[in-house]
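Structure first, commentary second.
The values are calculated or read from the model by the stated rules, or taken from the named source; none is laboratory data. Keep in mind the model is a prediction, meaning the values are calculated, not measured. FYI the Cβ positions are ideal-geometry reconstructions off the backbone, even for glycines, and counts take in every protein chain you see. Accessible surface areas use protein heavy atoms only, side chains included; no ligands, DNA or RNA. Shrake-Rupley method; radii C 1.70, N 1.55, O 1.52, S 1.80 Å.
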Amino acid sequence: MNNLRYTRRKLTQKAMFFFSVASAFIGIAVLFLILGYIIYKGAAGINLDFFTKLPTPVGVPGGGMANALIGSFYLVGLAGLLSIPAGILIGVYLSEYGRGSFASAVRFVSDTLTGIPAIVMGIFAYTIVVLPLGRFSAIAGAFALSLLMLPIIVKSTEELLKMVPETLREASLALGIPRWKTIIRIVLSTAKSGIITGIMLAIARVGGEAAPLLFTAFGNSYMNLRPDQPIANLPVQLYVYAVSPYEDWHQKAWAAALCLMGIVLITNIIARIYAGKR
């Protein structure tokens with residue numbers, strides 16, 4: 001009886017191990033298949049013009065996506081200005097002072113925001129910013145992206161500050177250093193690399209989002225850096241070109257997808273390098 005039970009457990013273990021390895025292999029194979037197909041379709045459209053020229057009118061070959069590339073970096077930069085300071089401060093509050101019902105409510109809202117779809121954030125930003133201003137704008141797009149970045153930065157900051165040993169805080173306070181200085185010079189300094197990693201992952205998360213920008217930044221055929229005007233961006237430009245009936249635009253859409261994938265990949269690699277240095 002015992003031998004039969006032992007044999008059954010061994011077979012179950014081997015079966016579960018096989019299914020785990022097979023699932024991992026299938027997942028990695030699908031990922032590399034997608035990456036390879038995007039590289040195959042998009043590499044032909046990558047050239048100097050793609051990075052330096054503006055889009056050409058319909059029916060005119062050539063041109064590039066310089067305005068969309070710069071617009072994407074501009075939007076993510078504005079979103080970072082809005083979300084990074086607020087996210088770090090909220091994370092510090094939750095980690096260092098977060099006791100009681102108010103902190104629990106803040107933590108619950110932050111966790112809930114993490115799971116809200118990006119398009120819902122776009123509709124919210126459309127209602128809060130676009131309708132009162134009466135126009136699509138870069139600041140509306142940045143606001144929508146900042147709402148997506150904020151909960152990621154809050155959660156990563158809180159968890160990383162909790163990992164700082166309590167003995168460091170106690171030693172600093174025992175030397176007569178005020179608590180606010182202890183938080184800035186000891187706690188935040190110790191967790192700095194991890195917080196930067198969280199910020200980079202948040203940037204990678206929003207870098208390829210098109211849904212919220214369709215309702216806010218909208219797009220622009222020209223180079224524009226005014227925050228109160230519509231602005232071109234890579235995800236929306238990719239979408240517009242992909243659904244168009246023109247073969248030249250389809251090629252540029254694949255090139256934009258490859259470029260976008262490269263930006264997200266590089267951002268993730270930088271984040272992993274920072275994480276490895278912690």
Summing -39500 (n - 2.57) over every DSSP H run of at least 4 residues in the chain and dividing by its residue count gives a helix-only mean residue ellipticity at 222 nm, to the nearest 500 deg cm²/dmol, of -23000 deg cm²/dmol
Can you work out the PRE-style zone for residue 175? Point 7 Å along Cα to Cβ, and I want the residues of segment 190-215 with backbone N under 14 Å.
-> 190
Only helices at least 20 Å long along their axis, Cα-based, and averaging 1.6 or more on Kyte-Doolittle count here, so list those DSSP H runs from the chain.
-> 66-92
Cα centroids of segment 27-90 and segment 127-175: how far apart, whole angstrom?
-> 24 Å
Using a 10 angstrom cutoff on alpha carbons, build the Gaussian network for the chain and name the most mobile of 69, 81, 234.
-> 81
Going 7 Å from the Cα of residue 109 toward and past its Cβ, which residues in segment 133-148 have a backbone nitrogen under 15 Å from where you end up?
-> 147-148
What's the carbon and sulfur percent of the chain's accessible surface, probe 1.4 angstrom, rounded to a whole number?
-> 71 percent
Classify the chain: rounded, prolate or oblate, from the alpha-carbon gyration tensor (a ≥ b ≥ c, eigenvalue square roots; a/c under 1.5 rounded; otherwise prolate if a/b is larger than b/c)?
-> oblate
Enumerate lysine pairs in the chain that are 8 or more residues apart or on different chains, then count those whose Cα atoms are under 19 Å apart.
-> 8
Among 146, 104, 221, which one moves the most in a GNM of the chain with springs linking Cα atoms closer than 10 Å?
-> 104
Choose one answer from 60, 129, 240: the residue with the largest mean-square fluctuation in a GNM of the chain with alpha-carbon springs under 10 Å.
-> 60
Residues of the chain: accessible area per residue at 1.4 Å, in Å²?
-> 57 Å²
Just how large is the dipole of segment 1-127 about the Cα centre, in debye to the nearest 20, putting +1 at every Lys and Arg Cβ and -1 at every Asp and Glu Cβ?
-> 920 debye
Dipole axis of the chain (+1 Lys, Arg; -1 Asp, Glu on Cβ), positive-most option in 17, 182, 40 | 17
